[in-house]
Amino acid sequence: MCRIALDVMGGDYAPHSTLEGAGLALAAHDDLYLLLVGDETRLKSLVAHFGIRGDLAARTEIVHAPSVVTMEDKATSILKDKKDSSIRIAAQLVRDGRADGVVSMGHTGAAMVASKMILGTLPGVDRPCLASVMPNMIGGPTVLLDVGANLDSKPEHIAQFALMGALYAEEVLGIKRPKVGILSVGEEDGKGTDTTKSAAQVIKQLDLNFGGNAEGRDIWNGNFDVIACDGFVGNVVLKSSEALAEGILLGLRDSIMQGWLSQLGGMLAKPAMRRFMKKLDYVEYGGAPLLGVKGVSIIGHGRSNGRAVSSAIRAALLGCEHHVVERIQDSLAVLLSQATPT
């Protein structure tokens, strides 16, 4: 039985979307136990409404947290002003051994601070990184990291991102011997900044399936399974990709509604459109793992619906079942000791 602490109050549509996702996840996974962290009085009146009753309710526990970190709060508010917030208490449950992992759809910065400061970082990890599982056009996932935890990274940090991303792709996403690349402006070895070229030299010394430089298009065409980059660049890629995907879908809808002939064609193409939209849908992957901390930490999109929350919980469950944290710690200790410092 894996025990996951869910920040029920985090997210734009919380607690309704988080409780809906909790119910879906409990129904899908018999080995899941959820600690529902939030306002106890409010949650008690809502859990049954979202299908958490009977056998499912027996695998839950409400943990009271009276306050919530809002988008107007500073990320560091959990360290002083909001020590009783749902995200901090959820992280404390992992630190204290009551939970194996934490999931939050709330304030991204606060969730990262909670994971770094409350859980702590693994030995040998200089910088924990935030990974995004991007759906590519061949129907599989591409892990892009870092996507915002570190805005200025050294070559050895990017090499660590690559290693942690490869382990996550193999253990959680089931990709055997994932192909790893470093994001650059050309596929040739000589292309890129001094940082990316130095990072590539470090990665070459690790026991990874390193494919060299990856260009921006490789995030989507499936040529690489894991792509490592600086957190500033990764965050720009992530945010622009989300906006582009929304723009494509809205543009298609507007075009289809232009006339009756377009609407008829849209009806005929509906099954194909659904398959296409599913490839672009972040809901299938749910959240971004923060890798390199002492515990499984999944940070989801603020606009997550019930399905996305359920997917994020599934990612945390898989991370616990496959002992991803322990694998990262062991692999870093062995592999990085073999690398020659730049």
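A few remarks follow.
- Looking only at region 33-69, and only at residues there that are within 21 Å of L119 (Cα to Cα) and hydroxyl-bearing (S, T, Y), the one that is modelled with the highest pLDDT: Y33
- Within region 43-82, tally of residues that are among the basic types (K, R), within 25 Å of G109 (Cα to Cα) and surrounded by 13 or more Cβ atoms within 10 Å (Cβ to Cβ): 2
- Looking only at region 30-42, residues that are more than 21 Å from S67 (Cα to Cα) and surrounded by 20 or more Cβ atoms within 10 Å (Cβ to Cβ) come to 1 in all.
- Hits in region 99-128 - residues which are β-branched (V, I, T) and under 13 Å from the mean Cα position of the chain (by Cα): V102, V103, T108
- Residue selected from region 6-24 under the condition part of a helix (DSSP H, G or I) and of a type outside the set (S, T, Y), by the criterion surrounded by the fewest Cβ atoms within 10 Å (Cβ to Cβ): H16
- Where L280 falls short, out of the listed (1) over 23 Å from V103 (Cα atoms); (2) modelled with pLDDT under 70: (1)
Let's see how each residue does on (1) over 30 Å from E321 (Cβ atoms); (2) exposed (fewer than 14 other Cβ atoms within 10 Å of the Cβ):
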{"site": "P155", "(1), (2)": "yes, no"}
{"site": "I158", "(1), (2)": "no, no"}
{"site": "R177", "(1), (2)": "no, yes"}
{"site": "G181", "(1), (2)": "no, no"}
{"site": "G186", "(1), (2)": "yes, yes"}
{"site": "S198", "(1), (2)": "yes, no"}
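- Flag for L93 being within 27 Å of G174 (Cβ to Cβ) and crowded, with 21+ Cβ neighbours inside 10 Å: no
- Verdict on A245 being assigned by TED's automatic domain parsing to the domain that holds A200, modelled with pLDDT under 70 and in contact with a Phe, Trp or Tyr (Cβ under 9 Å, 6 or more places away or on another chain): yes
- Residues located in region 211-241, provided they are in contact with a strand residue (DSSP E or B) (Cβ under 8 Å, 6 or more places away or on another chain), surrounded by fewer than 18 Cβ atoms within 10 Å (Cβ to Cβ) and aromatic (F, W, Y): W220
- Any chance L151 is under 28 Å from L79 (Cα atoms), surrounded by fewer than 22 Cβ atoms within 10 Å (Cβ to Cβ) and in contact (Cβ under 8 Å) with a residue 40 or more places away in the chain: yes
- Of all the numbered requirements in (1) of a type in the set (G, A, S); (2) touching a residue at least 60 places away in the same chain (Cβ under 8 Å); (3) over 18 Å from A131 (Cα atoms), G192 misses one, and that requirement is (2).
The values are calculated or read from the model by the stated rules, or taken from the named source; none is laboratory data. Because the structure is a prediction, the values reported are computed rather than measured. Note: ideal-geometry Cβ built from the backbone for every residue, glycine included; neighbour counts use all protein chains shown.
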